[in-house]
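Before any comments, here is the structure.
The values are calculated or read from the model by the stated rules, or taken from the named source; none is laboratory data. Small disclaimer: the values here were computed from a predicted structure and weren't measured. Because the Cβ atoms are built from the backbone with ideal geometry, glycine has one as well, and the counts that use them run over all protein chains shown. For accessibility, only protein heavy atoms count, side chains too; no ligands or nucleic acids. Shrake-Rupley method; radii C 1.70, N 1.55, O 1.52, S 1.80 Å.
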Amino acid sequence: GQITPDSLPRLVAYLRFPQSLGFIGGRPRHSYYFVGVRGYRCYYLDPHTTQAYRPLDRQGDCATFHCARPEAMSLAQIDPSLALGFYCDDKSDFDDLCRRVAQVAKGDPSPILSVADQAPDYMMQDVLDVEQDASDDGVVLA
């Protein structure tokens, strides 16, 4: 599968958040770490590219740690099975992320990402079922 065309602008918006660390994904049997976006082209690192260990020193050549040419892929080619990454410095930063996510998801019946104040009702039912199963076995959950 591929990401639906109407989801592309929202994915780009998430990648432009200041809290964004990029995302992992790619194509079937090809996983990459996407670190930047320009238009609908995503730039990525291939985590499967390995190098021999070299101790770091001030005299060392750092050129081996950088790509000669960044790899890029159209967002339209990316498989929809992906994981977005975010980092928040503190609660204020997390609140800002939640506000941004809500703004992007506003009016979307099936948002890529959403944040809720509480667990969905179906999850609450699962907790109640587990508690009931445990009490049937004579186990008391504290």
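Pairs only if they're at least six apart or on different chains, beta carbon under 8 angstrom, first in segment 74-99 and under 22 Å from C42 (Cβ atoms), second hydroxyl-bearing (S, T, Y) and outside any helix (DSSP H, G or I); list them, first residue then second. Pairs found: S74/Y40; L75/Y40; A76/Y40; P80/T4; L84/S20; G85/S20; F86/S20. Could you check segment 61-72 and list, in sequence order, the residues that are within 20 Å of Y44 (Cβ to Cβ) and either open to solvent by 70 Å² or more (accessible area, probe 1.4 Å) or at pLDDT 90 or above (or both)? Within segment 61-72, F65, H66, C67, A68, R69, P70, E71, A72 qualify. Number of residues in segment 1-23 that are modelled with pLDDT of 90 or more and open to solvent by 70 Å² or more (accessible area, probe 1.4 Å): the value is 3. The set of residues from segment 87-117 being under 16 Å from the mean Cα position of the chain (by Cα) and open to solvent by less than 40 Å² (accessible area, probe 1.4 Å) comprises C88, L97, C98, V101, V104, A105. For segment 33-45, state whether one or more residues are closer than 19 Å to G85 by Cβ, open to solvent by 30 Å² or more (accessible area, probe 1.4 Å), in contact (Cβ under 8 Å) with a residue 12 or more places away in the chain and small (G, A, S). No, segment 33-45 has no match at all. Going through segment 1-57 one residue at a time, which ones are of a type in the set (V, I, T), touching a helix residue (DSSP H, G or I) at 6+ places or on another chain (Cβ under 7 Å) and in a strand (DSSP E or B)? Within segment 1-57, V37 is the sole residue that qualifies.
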